[in-house]
Amino acid sequence: MKSSTSLKVRLPALVLVLEIVIIALYAVFVTYDDDSNAKLQNNQTNPMDNALYRDYPYFADVQVMIFIGFGCLLAFFRFYGFSGMVFNFLTATFAIQWAILMQGFFQFYYDGKIHLGVINLLNAEFACAVVLISFGAVLGKTSPVQLLIMALLEILIFAVTEWAVLKYIRINDAGGTILIHLFACYFGLGVSFVLYRPNLNNGHTKEMTSYHSDILSVMGTLFLWIFWPSFNSALTFKGDDQHRAILHTFIGLSSSTITAFALSALFNKRGKITMADIQNVTLAGGVTVGASVDMMISPVAAYVLGVMGCTACFLGYKYMTPFLAKQMRIQDQCGIHNLHGLTGLISSVAGICAILLATEETYGPSMYQIFSHRAPPEGDPKLLELQKLIPGLKAGLGRTARDQALFQLAAVVTTIAASALGGVFTGLIMKLQFLASPSDEDCFDDELFFDVPSDFASIASATQLSDGKLKL
């Protein structure tokens, strides 16, 4: 017997509770930061010194990635376009609201308040990206109620993990390889492991794309591709660090794109290009350069990383995804392990190598800005010398290159463990019967949760009739 999937009470009730909690927390804890507080701004203040003009362009770019890039990319199923795009919209909007609070308590809380500025919104969007990547693992098999619960718990676990890694392990991760891509990937796989559906291992009648859905999805890819340099460079030091981050990201994306076309044609039995490869594999270079994106790795290294990431991602879709589903009970619907997990691991190794090879001869004194934890500690005479060359340089921990590399490795292990365990826990909560989980038969179907246009039924019937004839 099927359990009810009606949203009539479930969704309004959950949204009401969430809004009451958010309103209460915002009322008690959230205030303006210095750049948005009228009391601290006056006619003597140069408005162009306001952080808005530094941070808003990156915020706007990441907004496009979150709502248009991810939204279109997830609309690739023929009968699940409404759900892929609209559930992305719903989940992202809530995740950003919630992340402002959760990250705020750990990063922007002082004098009893969370101080809100555009930088908070930018950080919250990165946390939102974590949720949307994880969403890809269970696309088509969850209700909007389940997705809101996933966002609620994942943002909390992510905020705690991010705080612990940055405060106690202290790493270099400008492009978010460890704390965004690896966390999101293994959290999503943890959820998928718990929500495993054995009856769907051999596919579903509506698990298909169409000409128009593939075009819409590749539009999402293009939006992500265009704005990925902003994603990777948004939180780097302004100036040459940010400049390198943009250069490396573009070079890595470019090399992974042409490699994806070549591999797609090479491995296709008829020597043709597969749209699924273009929608996903072309983006691999943006992830692979992430951990070392602001370092002096050289343009050729960025190019090679793009090729390596693309190749690993492509082979992962071809061989790893079926293996995970059949042997490990993990149905990775959008292949997030390939685009974010495998590439994230390659990127982490590349970042560790870049740290081990970093010298003052290559970086000059600015090495201690980029690798801030390698700066001399307070009281070290060398710190005073460096501060004469770089005014405002803060004391570091005096780590060696080897020390920092080991801490990077520790962060990778810690993040994967925390995210996987958090994903399993979240999956157990999402599995509760009253959260409107669709049956196996109703997966990948917009009609379950949406009022669909009149032509939807005729298209679905024609498709099922065609499938029946093919089977006969």
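The values are calculated or read from the model by the stated rules, or taken from the named source; none is laboratory data. Keep in mind that this is a model prediction, so the values were computed, not measured. Ideal geometry is used to build each Cβ from the backbone, glycine not excepted, and the neighbour counts take in all protein chains shown. Areas reflect the complete protein model, heavy atoms only, side chains present, ligands, DNA and RNA absent. Shrake-Rupley method; radii C 1.70, N 1.55, O 1.52, S 1.80 Å.
Using 0.36 nm per residue, how much length does the chain from GLU361 to ASN202 gain when fully extended, once their Cα-Cα distance is taken away?
Fully extending the segment from GLU361 to ASN202 adds 51.6 nm.
Using only the Cα atoms of segment 305-428, what do you get for the radius of gyration and for Dmax, in Å?
19.7, 60
So for the chain, averaging the separation of alpha carbon pairs under 8 Å that are six or more residues apart and normalising by length, what relative contact order in percent results?
22
When ligands, DNA and RNA are left out and all protein chains stay put, how many square angstrom of accessible area per residue does the chain have with a 1.4 Å probe?
Result: 45 Å² per residue.
Two decimals is fine: what is log10 I(q)/I(0) at q = 0.06 Å⁻¹ for the chain, from a Debye sum with one equal scatterer on every Cα and no solvent?
-0.28
Note the full-extension length gain between VAL300 and GLU441 as 0.36 nm times their separation in residues minus their Cα-Cα distance, in nm to one decimal.
Roughly 45.8 nm would be gained on extension.
If I model a spin label as a point 7 Å beyond the Cα along the Cα-Cβ vector, how far apart are those points for LEU222 and ASP380 in nm?
Simple spin-label model gives 5.0 nm for this pair.
Please enumerate, by chain and number, the lysines with C-alpha under 23 Å from the C-alpha of LYS269, excluding those fewer than 8 residues away in the same chain.
Those lysines meeting the cut-off are LYS318, LYS471.
Given R₀ = 22 Å, what would the calculated FRET efficiency be for ALA38 paired with ASP111, taking r from the Cβ atoms and rounding to 0.05?
0.80
When the dipole is taken about the Cα centre of the chain, and only Lys, Arg (+1) and Asp, Glu (-1) are charged at their Cβ, what size is it in debye, to the nearest 20?
On the way: 29 positive and 34 negative charges, 225 e Å.
Roughly 1080 debye, rounded to the nearest 20.
Determine the distance separating the Cα centre of segment 210-248 from the Cα centre of segment 261-330; give it in Å without decimals.
Taking the Cα centre of each part, segment 210-248 and segment 261-330 sit 16 Å apart.
Using only Cα atoms, tell me the angle between helix 118-135 and the longest principal axis of the chain; keep it within 0 to 90° and round to the nearest 10.
40
Cross-link partners among lysines for LYS238, C-alpha distance below 25 Å, same-chain residues fewer than 8 apart left out?
LYS167, LYS382, LYS388, LYS394
Sort 12-22, 358-368 for me by packing, meaning the mean count of neighbouring Cβ atoms within 10 Å per residue, highest on top.
Per-residue Cβ counts within 10 Å, averaged per peptide and sorted highest first, yield 358-368, 12-22.
Beyond 17 Å, what share of the Cα-Cα pairs of segment 340-410 remains, rounded to the nearest whole percent?
45
When the C-alpha atoms of segment 124-169 are aligned to their principal axes, what extent does each axis show, in angstrom, from largest down?
Largest to smallest, the principal-axis extents are 38, 16, 15 Å.
With each pseudo-label sitting 7 Å past Cα toward Cβ, what's the LEU428-GLU19 distance in nm, one decimal?
3.3
Nearest 500 deg cm²/dmol is fine: what mean residue ellipticity at 222 nm does the chain get from its DSSP H runs of n ≥ 4 alone, each adding -39,500 (n - 2.57), divided by its residue count?
Details: 19 runs with 281 residues, N = 472.
It lands at -19500 deg cm²/dmol.
Which of the peptides 345-356, 398-409, 202-213 is most tightly packed, and how do the rest follow, going by the mean number of other Cβ atoms within 10 Å of each residue?
345-356, 398-409, 202-213
Distances longer than 17 Å among the Cα atoms of segment 238-327: what percent of all pairs is that?
Percentage above 17 Å: 50.
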